[in-house]
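Just below is one structure, and these are the notes that go with it.
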Amino acid sequence: MTSDPSATAQDPACPTEPPGAARGGPVSHALSRVARLHRIAAGKLLRRSGLYPGQEFLMMHLWDADAVRQSELIKSMDLDPSTVTKMLQRLDHAGYVRRSADPQDRRAVLVRATGDSCALRSEVEGAWTELEEHTLAGLDDTERTELARLLAKVEANLCAETADCPERSSGGQGSAEGDEHAVRAAEPTG
């Protein structure tokens, strides 16, 4: 294969053109790239707190709830049970969650955030604030609000295509309440 000397050098990690097979879906390709880079950036920030990507979502769920059955947590996370179990083992070992038998059904396991996770919550909030600012750098308040509105519409479209969208059924981020939250979160705070 010969290279074209007139072609400009392009960073393969951040391409400006979608690959040939993705040319029919340039927005979908861009969303995939952005989601991948966002996850990498989040992972770097969360590592400071000793978390792996995805564990913060599990903790967010527990911080907003009291005790949750492990089976319900697995359902709401929409992950393989073994993945959630491994996350819980690591978080339990770190002292951030406690698992116990459900007094209503001794076969079920209840999971709750511990008091020790309060400091972690503050670190996660800081990481997400930093990630938000880094992600949206260069966008003014109007653009941030519009981006959140458009992403909420895209999310609703994708959820409509997904028969068992967990966010819709559990009232989470994919719900109308979550869409309103996304727009409010992007609005200027002061």
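Of the residues that make up the range 103-124, is at least one open to solvent by 40 Å² or more (accessible area, probe 1.4 Å), within 21 Å of Ile40 (Cα to Cα) and acidic (Asp, Glu)?
The initial filter retains those residues of the range 103-124 that are open to solvent by 40 Å² or more (accessible area, probe 1.4 Å), namely 103-104, 106-107, 109, 112, 115-116, 118-119, 121-123.
This time we only want the ones that are within 21 Å of Ile40 (Cα to Cα), so: 121-123.
Now drop any that are not acidic (Asp, Glu), which leaves 123.
Looking for residues that are open to solvent by 40 Å² or more (accessible area, probe 1.4 Å), within 21 Å of Ile40 (Cα to Cα) and acidic (Asp, Glu), one finds at least one in the range 103-124, hence yes.
Given the criteria within 20 Å of Glu125 (Cα to Cα) and at pLDDT below 90, does Pro5 qualify? Break it down stepwise before answering.
Values: within 20 Å of Glu125 (Cα to Cα): no; at pLDDT below 90: yes.
When the stated conditions are applied, Pro5 does not pass them.
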Output for the range 12-69, where each listed residue is in contact (Cβ under 8 Å) with a residue 24 or more places away in the chain, open to solvent by 70 Å² or more (accessible area, probe 1.4 Å) and over 23 Å from Glu133 (Cβ atoms): Asp66, Arg69
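Can you tell which of Thr135, Thr114, Thr142 is hydroxyl-bearing (Ser, Thr, Tyr) and free of Cβ contacts under 8 Å to residues at least 12 places away in the same chain? Don't jump to the end; show me each part of the working.
Working: Thr135 fails: free of Cβ contacts under 8 Å to residues at least 12 places away in the same chain; Thr114 fails: free of Cβ contacts under 8 Å to residues at least 12 places away in the same chain.
One residue alone meets the criteria, Thr142.
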Scanning the range 77-102 residue by residue, the ones that are surrounded by 14 or more Cβ atoms within 10 Å (Cβ to Cβ) and either assigned to a loop (DSSP other than H, G, I, E, B) or touching a strand residue (DSSP E or B) at 6+ places or on another chain (Cβ under 8 Å) (or both) total 11
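The values are calculated or read from the model by the stated rules, or taken from the named source; none is laboratory data. Here the structure is a predicted model, which is why all the values come from computation and not from measurement. Note that each Cβ is placed from the backbone with ideal geometry, even for glycine, and that neighbours are counted across all protein chains shown. Surface accessibility is based on the protein's heavy atoms, side chains included, excluding ligands, DNA and RNA. Shrake-Rupley method; radii C 1.70, N 1.55, O 1.52, S 1.80 Å.
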